């Protein structure tokens, strides 16, 4: 039985075996061995994954999780098609105590890793694997083995990533006899994720962040993001044709559904976009990306401005955070825009849901209708202060004697 397998997971070190590489063809990312040969089980799964209309970013994320799984199997000496829940259990235990591999050791951020920033109230990224990373790894492995066991008919006899049974009712109680039986419930080895409440950026912090930007391009990106809460990937995909200058709208491609949607932006945002376009001095083609690098680079076609990618946007925030001593990110702007809209009495939650691109209204209301604890504490403190102040009795009306009323109601005369 797999329960009898015991390993000292603290002593296991993953080998630097294989890598994830970009590839030409239908699958944009592949896992290859040290000789550069694609790992066939992973390649076949990723082909199916791409055919189900998953985005290249998701393919890359799945490939890295499967590369870590292959390295883990080599470290414990188990073939991929002989894996049991014991290997998944031990991998989860290892991820909970292992440090993430980095390209270079921390320098300035070594003292703040895992700590809460006193200005933003956000926790700095730590050196350990986050619970969400472990849950994502379990989900990837379960879907990988589900593909091989149910679709191909190969691999281990059971899925190494088991699910817990739902408490309070019989599993598969409404099972369709024409469909295969499926396990129900949460994944057994998933760690609990602490619920993080979104926090709006205070106006003074927003002014500091906006003032610290070094270019009109960066100011324009922030102004658009705080106007409609668009995600970073959605904003970076905006082209020249996606700007409606007359109605002050920006067209984005939604992250999940890949549908086009026009979003409003403030008049100030379009002013900063105009200033940014004047700075670069180039005539922007309608089909070219809106956001370009400020420096020209030669990529084989001469010196040209390149489309701005996510890493370049992160570098913008790294520079400004180093100056301000903060750890803001683009997602903080999305939270700020969402909370500002949700607290506006002229906007309904359905309006906020539409602008944010949430599929369900419950997602919007459950996340952004939660009161900020700091604001609640301040209001309660003000309530207690008001209660402690002595209450002065109202003045005696004309025609009544204050001494007579004091005798009648048993109080001291003023």
*Name every residue in region 323-342 that is loosely packed, with under 13 Cβ neighbours inside 10 Å and under 22 Å from the mean Cα position of the chain (by Cα), in order of residue number.*
325
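Rundown of residues vs (1) assigned by TED's automatic domain parsing to the domain that holds residue 82; (2) under 18 Å from residue 101 (Cβ atoms); (3) in contact (Cβ under 8 Å) with a residue 60 or more places away in the chain, yes/no style:
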position	(1), (2), (3)
12	yes, yes, yes
24	yes, no, no
29	yes, no, no
34	yes, yes, no
40	yes, no, no
48	yes, no, yes
56	yes, no, no
60	yes, yes, no
_Lone unmet requirement of (1) part of a loop (DSSP other than H, G, I, E, B); (2) over 22 Å from residue 148 (Cβ atoms) for residue 17_ = (2)
*State the number of residues belonging to region 1-58 that are under 18 Å from residue 69 (Cβ atoms) and in contact with a strand residue (DSSP E or B) (Cβ under 8 Å, 6 or more places away or on another chain).*
13
_Options 346, 329; residue that is in contact with a helix residue (DSSP H, G or I) (Cβ under 9 Å, 6 or more places away or on another chain), free of Cβ contacts under 8 Å to residues at least 24 places away in the same chain and in the same structural domain as residue 252 (by TED's automatic domain parsing)_ = 329
*Would you mention how many residues in region 227-248 are assigned to a helix (DSSP H, G or I) and within 26 Å of residue 326 (Cβ to Cβ)?*
7
_Which condition from (1) outside any helix (DSSP H, G or I); (2) under 21 Å from residue 306 (Cβ atoms); (3) without any contact (Cβ under 8 Å) to a residue 60 or more places away in the chain is the one that residue 224 breaks?_
(1)
*Looking at (1) under 18 Å from the mean Cα position of the chain (by Cα); (2) surrounded by 18 or more Cβ atoms within 10 Å (Cβ to Cβ); (3) not in a loop (DSSP other than H, G, I, E, B), can you tell me which one residue 363 breaks?*
(2)
*asked:* When you check residue 328 against the structure, is it part of a strand (DSSP E or B) and closer than 19 Å to residue 222 by Cα, yes or no?
replied: no
*Can you confirm whether region 11-19 contains a residue that is within 30 Å of residue 258 (Cα to Cα) and either loosely packed, with under 15 Cβ neighbours inside 10 Å or at pLDDT 90 or above (or both)?*
yes
*Please tell me if residue 102 is modelled with pLDDT under 95, exposed (fewer than 11 other Cβ atoms within 10 Å of the Cβ), within 23 Å of the chain's Cα centre (by Cα) and under 29 Å from residue 57 (Cα atoms).*
yes
_Count of residues meeting criterion [out of contact with any helix residue (DSSP H, G or I) (no Cβ under 9 Å at 6 or more places or on another chain), closer than 22 Å to residue 234 by Cβ and surrounded by 10 or more Cβ atoms within 10 Å (Cβ to Cβ)] in region 278-311_ = 0
*Among what's in region 151-172 and is surrounded by 14 or more Cβ atoms within 10 Å (Cβ to Cβ) and at pLDDT 90 or above, pick the residue that is nearest to residue 140 (Cα to Cα).*
161
_Condition first: buried (at least 16 other Cβ atoms within 10 Å of the Cβ) and in a loop (DSSP other than H, G, I, E, B). Now tell me which residues in region 24-60 satisfy that._
27, 28, 39
*Please work out which residue is modelled with the highest pLDDT, limiting yourself to region 384-407 and to residues that are surrounded by 10 or more Cβ atoms within 10 Å (Cβ to Cβ) and in a helix (DSSP H, G or I).*
403
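The values are calculated or read from the model by the stated rules, or taken from the named source; none is laboratory data. For clarity, every value in this text was computed on a predicted model and none was experimentally measured. Backbone-built Cβ (ideal geometry, glycine too); neighbour counts: all protein chains shown.
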